[in-house]
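Quick notes on the structure that follows.
All of the numbers you see were taken from the coordinates with simple rules; none came from a lab. Model, not experiment: these values are computed from the prediction. Every residue, glycine among them, receives a Cβ derived from its backbone with ideal geometry; neighbour counts consider all protein chains shown.
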Amino acid sequence: MSTGQGHRVELRNVSRWYGNVVAVNDVSFTLTPGITGLLGPNGAGKTTILHTMAGLLRPSAGEVLVNGEVPAGNPDIYRTIALVPEHEAVQPFLTGLEFVTMCARLQSLANPDDAARRAIALVDLEGAMTRPVSTYSKGMRQRIKIAGALVHDPGVILLDEPFNGMDPRQRLQMIDMMRALARSGCVIVISSHILEELNDLASNVLVMVAGRLAAAGHFREIRRLMTDRPHTFTLRSSNDRALAAALLTDESVFGVELAPHGVIVRTADRGALTRNLARLARDGDIRLLEVRPTDESLESVFSYLVTR
């Protein structure tokens, strides 16, 4: 499959709200051919962003343009767009071939059967295409959804958590396919809540937090922002008071608090602290009972990007 042209997606000060709930708040960015990661915790607004780009939702404010046109209510531009939803969207009684052929017919393709077989080959499911989807593994169902979305050779491909259920071999095959599509001129957006999942794919990453665009840039820059941040640990030991005193001598530590449940320590260098902690405990004849990160939830990592 090849589009033969470059595509473009623009969001200009886009907001979307549901009653008093603001799902997306004043988001702007421009996407050109290549693979972009849309990163954020659950509830950050990623799916709403994808649906506005796909034309399924109209923004409450602002403007969405796909190749210069508003996608919502525009059947012609729908033929340029593919959306692979996160949740199950395949009738289980259909075979894989029947499902993808149905997608081709909905796109009014001249030869839906041939188009369906090409799309199924693209996701490496020829051997299972005559089986009912109900017999597929989760990874296979993900791949047949992708085949159905790609059957009309779209130029803008929107994927919501596409690697769920895929084994390593399937994931590598999908990565190779997406890279080839990006080289052909496609705009590909991959939504994920796992930064490392985008490592092999997306050079450009958009970080969403609580409906806002918190950060945007190259994968390596976003990874540095998310790892080079303050970290908090709770420690329990055989002598918390002595451990707290020893930690105050460590250059990687900028805060120590003696609490009823242990020692709370704050560091800007997680690696240095974990390396030095064993030495400090050994030198002070202190037995470590627990070392627990207390701010490592995904939400806290993303929230740091908002407040930095």
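Can you give me the angle between helix 168-183 and the longest principal axis of the chain, using Cα atoms only, in degrees from 0 to 90, rounded to the nearest 10?
So the inclination is approximately 60 degrees.
Arranged by the count of other C-beta atoms within 10 angstrom, fewest first, what order do LEU258, LEU31, LEU109 take?
Ascending Cβ contact count within 10 Å gives the list LEU258, LEU109, LEU31.
Work out from phi, with θ = phi - 60° and the Karplus expression 6.51 cos²θ - 1.76 cosθ + 1.60, the ³J(HN,Hα) of each residue of the stretch 239-256, listed in order in whole Hz, and give x for Gly and Pro.
Result, rounded to whole Hz: 8, 5, 5, 5, 5, 4, 5, 5, 5, 5, 8, 7, 5, 7, 9, 10, x, 9.
Between LEU248 and ARG79, what is the spin-label point distance in nm, taking each point 7 Å from the Cα along the Cα→C-beta axis?
Simple spin-label model gives 7.4 nm for this pair.
Go from 0 up to the bin containing the longest alpha carbon distance in the chain, width 10 Å each, and give me the % of pairs per bin.
Histogram of Cα-Cα distances, whole percents per bin: 6, 24, 26, 19, 12, 9, 4, 0.
For the stretch 1-112, what number results from the quotient of the Cα radius of gyration and 2.2 N^0.38 Å?
That ratio works out to 1.19.
Could you work out how much longer the chain between TYR18 and ALA216 gets when fully extended? Use 0.36 nm per residue separation minus the Cα distance between them, nm to one decimal.
So the chain would gain 68.7 nm between TYR18 and ALA216.
Hey, rough spin-label estimate for ASN111 and THR135, points 7 angstrom out along Cα→Cβ, what's it come to in nanometres?
2.8
Once you place label points 7 Å from the Cα toward the Cβ at SER60 and PHE29, how far apart are they in nm?
Going from the SER60 label point to the PHE29 one covers 2.1 nm.
Based on the Cβ-Cβ distance from THR294 to SER203, what FRET efficiency comes out when R0 is 41 Å, to the nearest 0.05?
Calculated value: 0.80.
Please check the chain for the longest run free of GluC sites (Glu not before Pro) that are loop-located per DSSP (anything but H, G, I, E, B) and have at most 16 other Cβ atoms within 10 Å.
89-250
Which percent, nearest 5, of DSSP beta bridges in the chain are antiparallel?
Restricted to the chain, the bridges split so that about 65 percent are antiparallel.
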